[in-house]
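The values are calculated or read from the model by the stated rules, or taken from the named source; none is laboratory data. Keep in mind that what you see is a predicted model, and the values were worked out from it rather than measured. Glycine also receives a Cβ, built like all others from the backbone with ideal geometry; neighbour counts cover every protein chain displayed.
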Amino acid sequence: MNQSDITAGQIRQGAPFLWVNPERQTDFDPDLPLNIQHIRDADNRLRRFGPLLTQLFPELSDAGGLIESQLHPVPTLQAEVYPNLSGQLLIKGDHALPVAGSIKARGGIYEVLCHSEALALQHGILHDTNDDYLKLTSEPAKVLFSQYEVAVSSTGNLGLSIGIISAALGFKATVHMSVEAKEWKKTRLRNRGVKVIEHKDDYSAAVTAGRAESDANPNSYFVDDENSQQLFTGYAVAALRLQQQLSDADIKVDAEHPLFVYLPCGVGGAPGGIAYGLRLILGQHVHCFFAEPVEAPCVLVGMQAERSAEIESVYDFGLKVATEADGLAVSKASPWVCSLMRTLLDGVFTVDDDRLFEYLYQLQQHESISIEPSAAAGFTGPDILTATEDGKAYLLANQLSDKLDNSTHLLWTTGGLFVPEEEMFKFSAKGKQLLNL
């Protein structure tokens, strides 16, 4: 029995495990399509839009229009929940990204800004990229944008990101919501003037339907989470920002100071963009792992497949995508993202739903940080890597076992800012019950 057969069997069991990528390379492949300049250009574009974003969203005033999250030390959580973990534990708080309240704010808003910029340049609203971008709030710009639609398919958070910025700029905004989407997310979008189309099928089916409807309208622009280079690049900007935050905190990333990053993963776009940027900017000493529900490990399925094989659905493994982690409830991964991650990603681990609620509760109690269940998917990562046989084998094979005292473990949270209070109370109560507290 070969390794792929073993992995397939583990996937079918629907139990947590770690898969280590056998194709991971230490050097960054120069033939990959995005380079550091692409990411810097994206960062510069976001900065050009800063004054406009501040005007549209006053909560961005203190940050000069930049949409970024904090890097949180979590010493109490580490002491109480990870008492045997060497090194330092941190949280990258994308659960609290302003405007859209999730990791999707970065890439989603970036792509819509790219589209609005292109239209404004094409129609003479902007003369060049040195022009005053506040012109995009002018009456001529509003008239222009109102003639166009921006559409997207989503399990929730990408829809919030795309819908909110599109409506704010004056586009007709349409979000196709899959069956997994939470009702409060649909309501939040409708309250912003966004058209929400509900589907009775899963995310992949909603993407197919949304793309087809958008393609039939010449004035419609479809944001494709599976294949968009702009979306992916917008997510990758996070790596530049994290590099600066780590420097400000005097945290080194080098051969003696490895960085382990644990990223919740759905179709793959957001964690893929971030991991791509981190490997490109921080190099081989950052180790990126994706976290997926045991019932929806679509990127794991995609990554362990042979290069030439068509990516399968998790349904082909007898799984049902039955998870409370709505942002991760995806049956089939993006083939494009899997191809980009082929030599960059260190591994994927799966997590049981109950653990999401337990970690959510513990984070609230120890650090007063509230997140939605899907944002807690990466929290099993440090223990899986340092306290399981497969994790220890990975550390040993990569000569990391003796570097752990100087290591940094980064839990990347992905959503939660706008979860209604009554919903968050239910999440917390379930976590407390599961912990028998």
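Here are some notes:
- Here the helices (runs of 4 or more DSSP H) wholly within segment 1-112 that include at least 1 residues being at pLDDT below 95 and in the same structural domain as Q284 (by TED's automatic domain parsing) are 3-13.
- A count restricted to segment 176-201 and to residues that are among the hydroxyl-bearing types (S, T, Y) and touching a residue at least 12 places away in the same chain (Cβ under 8 Å) stands at 1.
- Check on K392, part of a helix (DSSP H, G or I), surrounded by 16 or more Cβ atoms within 10 Å (Cβ to Cβ) and of a type in the set (K, R): no
- Test: residue in segment 334-353 that is in contact (Cβ under 8 Å) with a residue 24 or more places away in the chain, assigned to a loop (DSSP other than H, G, I, E, B), surrounded by 24 or more Cβ atoms within 10 Å (Cβ to Cβ) and of a type in the set (S, T, N, Q): yes
- Flag if S247 is of a type in the set (G, A, S), free of Cβ contacts under 8 Å to residues at least 24 places away in the same chain and either closer than 30 Å to Q399 by Cβ or in contact with a helix residue (DSSP H, G or I) (Cβ under 7 Å, 6 or more places away or on another chain) (or both): yes
- Filter pass, V223 being of a type in the set (A, V, I, L, M, F, W, C) and touching a Leu at 6+ places or on another chain (Cβ under 6 Å): no
- Whether a residue is over 12 Å from the mean Cα position of the chain (by Cα), within 24 Å of D29 (Cβ to Cβ), modelled with pLDDT of 95 or more and surrounded by fewer than 24 Cβ atoms within 10 Å (Cβ to Cβ) was assessed, and V294 does not pass this test.
- For the residues L77, L113, L97, the requirement of being within 15 Å of the chain's Cα centre (by Cα), in contact (Cβ under 8 Å) with a residue 60 or more places away in the chain and surrounded by 16 or more Cβ atoms within 10 Å (Cβ to Cβ) singles out L97.
- If you go through segment 142-175 and pick out every residue that is in a strand (DSSP E or B), touching a residue at least 60 places away in the same chain (Cβ under 8 Å) and either surrounded by fewer than 24 Cβ atoms within 10 Å (Cβ to Cβ) or in the same structural domain as A329 (by TED's automatic domain parsing) (or both), you end up with 1.
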